[in-house]
Amino acid sequence: MAYDPGSVREVRTLHVADGEDGVRLDRWFKRRWPHLNHIQIQKLVRSGQIRVDGARVKADSRLTAGAQVRVPPLPSAGAAEQGKATISPRDIAYAKSLVLYEDDEVLALNKPLGLAVQGGTKTTHHIDRLLSAWGEGLERPRLVHRLDRDTSGVLVLGKSAPAAARLAGAFARRRTAKTYWALVAGVPKPGEGVIDVPLAKQGFGDREMVAPAAAKDPLAEAAQTEFVTVSRAAPTAAWMALRPITGRTHQLRAHMLALGHPILGDPKYHTPASAELSGELKLQLHARRIVLPHPTGGDLVLEAPLSPELRAGFDRFGFEEYEAGDDPFGGRRR
């Protein structure tokens, strides 16, 4: 179904399609009305103008097929563009320099540390804004997952509404294999396994964190992370391959802290010992590789080179990329 960005002048009720099961509410809106920005959607959600099956929800709520979404009157694409700064040639060149892979359906970027995926009250420079380098409206790529501001590496986008829906569905149904590289304090024993520790959010905005919680805690969300030790600078530090089975906020960072081996350079999830060991290192967490179904068929393998920040960590502890082999997880795929 095609949607006219400027067509919603009155309250409407739309149904979530089968192929959209598991898609986040805010991304569901962005696919239909790409001109809406993150702040506009958040305001509509917080004020209760957007509802799902008659109930208030959060912007990051996951939709289920067949659910009814209340769509309030929305600003037209023209109105949304008024007063919006045109992306500069310099920003366009910068955005294009981040491209790892691009075809008619998929765009993959190498997101650097420190660049937010979406904007907020105090964030004006972010990936979502840079996507204007590919055009507006139906030409604008669509986000299908996220990375923390301080996590570098592969970020996947859909270049059409159908492609974005299929990609988002693959993430929601856990049909993707994501491999993160991280340098942590100490050496985990055993060297591989699964961390199964529920997490609960605390705080909000830039102060939002997650912490281990009892499974019966009403705020707790199930969270599992598979880990493998790639190499050791024993007993000081270890290079880990991490694979999130679930996709909770700050999951890998909180889980490694819970394991007793916090990720080096982490300003939020650390211990006094790991902070001292980190020194000047930035967050040593990198989305190295994603294997996922391509919207038109077959598997797509996307890989990001080492970030400058992780390279600094490798140099400090003497790690070499070849030590990871082709796949530290031995081809296992969830």
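Some points to look at:
- Under 5 Å from the amide H of H250 lies no amide H of any residue 5 or more positions distant or on a separate chain, with H modelled from the backbone and absent for Pro and chain starts.
- Sequence ranges 93-103, 42-52, ranked by mean other-Cβ count within 10 angstrom, highest first: 42-52, 93-103
- Expressed per residue, the C-alpha convex hull volume of region 237-334 stands at 122 Å³.
- Taking the three principal axes of the alpha carbon atoms in the chain, the coordinate ranges are 63, 49, 40 Å, sorted in descending order.
- Where the chain is the region considered: accessible area per residue in Å², 1.4 Å probe: 47
- Antiparallel bridges, percent of DSSP beta bridges restricted to the chain (to nearest 5): 95
- Note on region 107-179: Cα Rg divided by 2.2 N^0.38 Å, N the number of residues, gives 1.10.
- Helices in the chain, meaning DSSP H runs of at least 4 residues, each add -39500 (n - 2.57). Divided by all residues, the mean residue ellipticity at 222 nm is -6000 deg cm²/dmol.
The values are calculated or read from the model by the stated rules, or taken from the named source; none is laboratory data. Quick caveat: nothing in here was measured; it's all calculated off a predicted structure. In this analysis, Cβ positions are derived from the backbone assuming ideal geometry, glycine residues included, and neighbour counts consider all displayed protein chains. Please note that ligands, DNA and RNA were not included when accessible areas were found on the heavy atoms of the full protein model with its side chains. Shrake-Rupley method; radii C 1.70, N 1.55, O 1.52, S 1.80 Å.
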